[in-house]
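Undergrad: I am attaching a structure below and will ask some questions about it afterwards.
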Amino acid sequence: MTCPRPADLIAADGLPLVRPYVVEWERERGERDRRRLQRERRRAAVLATLGQDYVPVPWEVAA
């Protein structure tokens with residue numbers, strides 16, 4: 001998880017608050033990563049039933 005930039009922090013009552021759009025972006029990124037990993041697991045399971053090894057395609061790994 002990346003740390004928010006100082007401009008994205010708001011001091012309130014002595015506690016740092018993170019701007020809502022940073023929190024939303026991190027939540028969406030987490031969902032995308034979770035969906036991508038689930039898709040890869042399903043693909044590996046299907047290929048395993050066919051007796052093939054799953055090798056991720058380089059451009060999918062970088063995504």
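Undergrad: Restricting region 39-63 to residues that are of a type outside the set (A, V, I, L, M, F, W, C) and open to solvent by 90 Å² or more (accessible area, probe 1.4 Å), which is modelled with the lowest pLDDT?
TA: So, considering only residues that are of a type outside the set (A, V, I, L, M, F, W, C) and open to solvent by 90 Å² or more (accessible area, probe 1.4 Å), the one modelled with the lowest pLDDT is Pro58.
Undergrad: Same structure again: When region 34-57 is examined, which residues are found to be among the hydrophobic types (A, V, I, L, M, F, W, C) and in a helix (DSSP H, G or I)?
TA: Leu37, Ala44, Ala45, Val46, Leu47, Ala48
The values are calculated or read from the model by the stated rules, or taken from the named source; none is laboratory data. Predicted, not measured: the structure shown is a model, and the values here were computed from it. Only protein heavy atoms, including side chains, enter the accessible area calculation; ligands, DNA and RNA are left aside. Shrake-Rupley method; radii C 1.70, N 1.55, O 1.52, S 1.80 Å.
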